[in-house]
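Peer 1: Following this message is one structure expressed as structure tokens.
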Number of protein chains: 2
Amino acid sequence: MLTVMTQPVLIRIHPADNVAIVANDGGLAEGVVLPDGLVLRERVPQGHKVALADIAAGDSVRRYNVSIGTALADIAAGSWVHERRLSLPIARGLQGLPMPLAGAVRQAPPPLEGHHFEGLRNADGSVGTRNIFAITTTVQCVAGVVEIAVQRIREQLLPRYPNVDDVVGLEHSYGCGVAIDAPDAIIPIRTLRHIARNPNFGGEVMVISLGCEKLQPERLLPPGSIPVASATAGASVQSEPLDVLCLQDSAHVGFMSMIDAIVARAVPHLERLNARRRETVPASELVVGVQCGGSDAFSGVTANPAVGFCTDLLVRAGATVMFSETTEVRDAIDQLTARAASPEVAQAMVREMAWYDAYLQRGQVDRSANTTPGNKAGGLSNIVEKAMGSIVKSGSLPIDGVLAPGERLTQRGLIYAATPASDFICGTLQLAAGMNVHIFTTGRGTPYGLAECPVIKVATRTELARRWHDLMDLNAGLIADGEASIEDMGWALFQLVLEVASGRRKTWAERWRLHNDLVLFNPAPVT
Amino acid sequence: MLTVMTQPVLIRIHPADNVAIVANDGGLAEGVVLPDGLVLRERVPQGHKVALADIAAGDSVRRYNVSIGTALADIAAGSWVHERRLSLPIARGLQGLPMPLAGAVRQAPPPLEGHHFEGLRNADGSVGTRNIFAITTTVQCVAGVVEIAVQRIREQLLPRYPNVDDVVGLEHSYGCGVAIDAPDAIIPIRTLRHIARNPNFGGEVMVISLGCEKLQPERLLPPGSIPVASATAGASVQSEPLDVLCLQDSAHVGFMSMIDAIVARAVPHLERLNARRRETVPASELVVGVQCGGSDAFSGVTANPAVGFCTDLLVRAGATVMFSETTEVRDAIDQLTARAASPEVAQAMVREMAWYDAYLQRGQVDRSANTTPGNKAGGLSNIVEKAMGSIVKSGSLPIDGVLAPGERLTQRGLIYAATPASDFICGTLQLAAGMNVHIFTTGRGTPYGLAECPVIKVATRTELARRWHDLMDLNAGLIADGEASIEDMGWALFQLVLEVASGRRKTWAERWRLHNDLVLFNPAPVT
């Protein structure tokens, strides 16, 4: 039971900030006297900003020791600094950014040793945290058939294979009616290709194709895209040729013959998956995607800093952590390039940001399209303030690599995986990269979940964690309540990741079977 | 039982054509003597073209009395005219098109009277063919929760409401993480708005919102977007305010309280839907969307001409028929403007085509991105040939109106509903327009179906209709077999539409519950 906060509680991130946010549930009323004697000139909702000093028109409003905008008119100390009182700064240009020196040797972070989890080793060297039979699809046309087959496999076959956690149809909107030779079509195609190889699927790839679609099976998974394991490797050996079942094949007479064929074809995959056993593997085999969604002003104060601390622990343990959400890190580009492990990494970040700037411009918008009504209601005035709270998830260590949308990881460490900030698109792209555990922070609250990978949801506020007690896996609101430190929560999250990865603990999304759709990033036209 | 065709059968569409297609199953072998004495110089697969005369390099290859390309080298009579032997013509410009004269009075087509179906009359005047409880969603974030609630409603509530055909969650990938103020964002937003009002949902609109999403319920369905029925109207009166359930609402403590609340909120909607009864209504209340997918060379010879004949019957009966698939009608723009009922309709067609040309160009592709491997395997060389076979679905009558993507119908008659050709996107947009029966032709075969509307699938070939005997609702292949005329099949389809609309017959997609996803057309960026 938490202590009810009767005293006004303000959170200032940096000593140079001229605003602080109200932590109290329900906000603070006009006339309330703050700890330093300042009197509130008006009601300020929870998560919203209070001016700590007079801010003249044109002066910067500073939070995270960064200008999140300039005052449109004078703002007296004790006033509510809401979004309509400040202007959005112009986006930082992509020239003249701080860059690491070529050849400079960075000090490696202190290694963190002795942490393990029980994982499912794959023939290609990756490690799964779940043992899922995934059915790859080339095109939306087959989705209805695959869904019926998946239900049948789940009901009739899965009980005979107790080591298999689930069966999942990888259905999506792509595959036909799309400009498949457009330059940007590579993004959705490689996303689907790489999702088929997610470590949680044990290397078992079975493809359901219609037959006449543009995304032919051999285009989706060209020869060599599924590695053949050596004879000495683990139990999950994927042998060529590709296991494809084509609905238009003349062998299928009548609908039920399609379903029967899919179910029959599933059996050897299920048998191989069922024969696998978890083994103790080092924490370095974790591939964690971090993301935030439904953010509020507490995201950057409680949950995201805790994630950032956990990110540092994971990277020090040799694991891989991806942070993403291009429009939410764009305004921190100078901090990120300064943290790049090499000039090449910094340049790759600039390349991805420039690509995204141009993509948005083609649609006649810019990064300011990011913030949501919920963000604003939660106290986030604009994308700059949101970005400063978002990049905290990336921790403090050097950034080791950059991944373009839909690419698959080829290295470990801290990776900037460039994706849109859309929760489901980001999650889908992180799955393609090879994610085996997902960490998701939320302030407003979302029931987000994926069928393909466990999602650990972290609440930014105690009120949310209490209300959604069976949807939130961790309450980082304890930080704002003064009941836990960022370090405490970071360690708790690190331990929770190991528990979840080991299969000893199911996330709430898994228990309720809350699954969002795979949503592809397709910047190319449909036809 | 059909007669096995042992004689070579060729189909030439127009006397001026210099190619004809092979109708025989399995194609025709080299050396086969054709009815007019011509000897095949090589094997020609079923659906593929034979040169009926020598075609010199640079000469036009004509089908449908239209040049579908020019020969890249000399093609001798009796040769296989495959896609690699002809060049794609340059797209017809959008200037100088044949236009109807302003004020010219068109002769109305002979009315077709006395045809009725048993429909479900809605308060707004529209008529449903199914009595479906649809749950509208603002954002993908709620999809997992809604899916669980839908299952619960289907299992626990539906048995008590025998007049309600089904419950459907209108889940989609939109709603947040999108540039919602981009100029093109109006397309996905109005699509979702209008789908909520599809006639098959009886005017019952219930919205599940997360709370913090960009697409707020009042933005999705602004006041006035759901008409309030007058007191004298039918049983299905939608009363203001909007019935919205917001998951982030503080009333919901714990996951099950969300599910319980959705299920409880469904009851009054189900009660009102259950009280409705079918009544005899004129065929003019039909709103039919026609579409083809997985096309082959028979599409333009059998199924699509039969659909075109049926289209004429429906329009003569006062009904509404939408044809769509912009990239598949683009090359017939001169035929379409010539058929426009007024200069305004012709100009609107040109406006939609020009918009799409620019949209494709932005993605560095053009209309040639349309054809699929299956089209080509089925004998369609390029988009021109495909387009000529596609527009046949629109019949022969004047075109009364044009609908931009996602718009809702406001008039009857023959309508060009501009949509991408992607099966699922076209179907989704036709649902938004107000479709209550869907006609879908296929040559290669697709198990396409929608949860929101019955889909009548018409096979172009007898072989497909036999093989997929429980997926195809009508076999237009009888036309190629010489066993039925286009008129026969058109009338059979017209009667089938009335049977299906009346609920007396379920389509195969309905019987198997084959449902494709709603796939939105979103030309605007994601963030």
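The values are calculated or read from the model by the stated rules, or taken from the named source; none is laboratory data. Please read all numbers here as calculations on a predicted model, not as lab measurements. Neighbour counts are summed over all protein chains in view; Cβ atoms, including those assigned to glycine, are modelled from backbone coordinates with ideal geometry. With ligands, DNA and RNA removed, areas are computed over all heavy atoms of the protein, side chains included. Shrake-Rupley method; radii C 1.70, N 1.55, O 1.52, S 1.80 Å.
Peer 1: Please work out which one of (1) farther than 22 Å from A:Ile479 by Cα; (2) in a loop (DSSP other than H, G, I, E, B) is the condition A:Thr280 fails and give its number.
Peer 2: Single failed check for A:Thr280: (2).
Condition check ((1) open to solvent by 20 Å² or more (accessible area, probe 1.4 Å); (2) more than 20 Å from the chain's Cα centre (by Cα); (3) away from chain B (no Cβ under 14 Å)) across all residues:
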{"residue": "A:Val321", "(1), (2), (3)": "no, no, yes"}
{"residue": "A:Thr326", "(1), (2), (3)": "no, no, no"}
{"residue": "A:Val329", "(1), (2), (3)": "no, no, no"}
{"residue": "A:Thr337", "(1), (2), (3)": "no, yes, yes"}
{"residue": "A:Ser342", "(1), (2), (3)": "yes, yes, yes"}
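Peer 1: Next up: Can you find even one residue in the range B:31-46 that is modelled with pLDDT under 95, within 23 Å of B:Asp331 (Cα to Cα) and surrounded by 12 or more Cβ atoms within 10 Å (Cβ to Cβ)?
Peer 2: No, the range B:31-46 has no match at all.
Peer 1: Out of the range B:353-387, which residues are assigned to a helix (DSSP H, G or I), crowded, with 24+ Cβ neighbours inside 10 Å and away from every other protein chain (no Cβ under 13 Å)?
Peer 2: B:Met353, B:Val384, B:Glu385
Peer 1: Do you know which residues across the range A:159-182 are more than 14 Å from chain B (Cβ to nearest Cβ), open to solvent by 20 Å² or more (accessible area, probe 1.4 Å) and within 23 Å of A:Arg197 (Cα to Cα)?
Peer 2: Once the filter is applied, which keeps residues that are more than 14 Å from chain B (Cβ to nearest Cβ), open to solvent by 20 Å² or more (accessible area, probe 1.4 Å) and within 23 Å of A:Arg197 (Cα to Cα), the range A:159-182 yields A:Pro162, A:Asn163, A:Asp165.
Peer 1: Another question, if that's okay. Counting only residues that are under 34 Å from the mean Cα position of the chain (by Cα), open to solvent by 30 Å² or more (accessible area, probe 1.4 Å) and not aliphatic (A, V, I, L, M), which one in the range A:244-273 is nearest to B:Gly293 (Cα to Cα)?
Peer 2: A:Cys246
Peer 1: Name the single residue that is nearest to A:Val329 (Cα to Cα) among those in the range A:47-71 being in a loop (DSSP other than H, G, I, E, B) and touching a residue at least 60 places away in the same chain (Cβ under 8 Å).
Peer 2: Top of the filtered list is A:Tyr64.
Peer 1: Condition check: part of a helix (DSSP H, G or I) and either under 26 Å from A:Ile135 (Cα atoms) or without any contact (Cβ under 8 Å) to a residue 24 or more places away in the chain (or both). Does A:Phe424 satisfy that?
Peer 2: Considered against the rule, which asks whether it is part of a helix (DSSP H, G or I) and either under 26 Å from A:Ile135 (Cα atoms) or without any contact (Cβ under 8 Å) to a residue 24 or more places away in the chain (or both), A:Phe424 comes out as yes.
Peer 1: Hey, another quick one. Is it the case that some residue within the range A:90-107 is within 14 Å of chain B (Cβ to nearest Cβ) and either touching a residue at least 12 places away in the same chain (Cβ under 8 Å) or touching a helix residue (DSSP H, G or I) at 6+ places or on another chain (Cβ under 7 Å) (or both)?
Peer 2: yes
Peer 1: Let me ask something else about it. Looking at the range B:119-144, which of its residues are surrounded by fewer than 24 Cβ atoms within 10 Å (Cβ to Cβ), over 19 Å from B:His438 (Cα atoms) and not charged (D, E, K, R)?
Peer 2: The answer is B:Ala123, B:Gly125, B:Gly144.
Peer 1: Can you find, within the range B:484-527, the residue that is nearest to B:Leu170 (Cα to Cα) among those that are among the polar types (S, T, N, Q) and away from every other protein chain (no Cβ under 14 Å)? Don't jump to the end; show me each part of the working.
Peer 2: Step one: list which residues in the range B:484-527 are among the polar types (S, T, N, Q), which gives B:485, B:495, B:502, B:507, B:516, B:522, B:527.
Checking which are away from every other protein chain (no Cβ under 14 Å) leaves us with B:485, B:495, B:502.
Details: B:Ser485: 40, B:Gln495: 30, B:Ser502: 24 Å.
Within the range B:484-527, the match that is nearest to B:Leu170 (Cα to Cα) is B:Ser502.
Peer 1: Step by step: first the residues of the range B:133-158, then only those that are away from chain A (no Cβ under 14 Å) and aliphatic (A, V, I, L, M), then the one that is farthest from the chain's Cα centre (by Cα). Which residue is that?
Peer 2: B:Leu157
Peer 1: Every residue in the range A:218-242 that is buried (at least 20 other Cβ atoms within 10 Å of the Cβ) and either modelled with pLDDT of 95 or more or farther than 24 Å from A:Leu270 by Cβ (or both), please.
Peer 2: Answer for the range A:218-242, where residues must be buried (at least 20 other Cβ atoms within 10 Å of the Cβ) and either modelled with pLDDT of 95 or more or farther than 24 Å from A:Leu270 by Cβ (or both): A:Leu220, A:Leu221.
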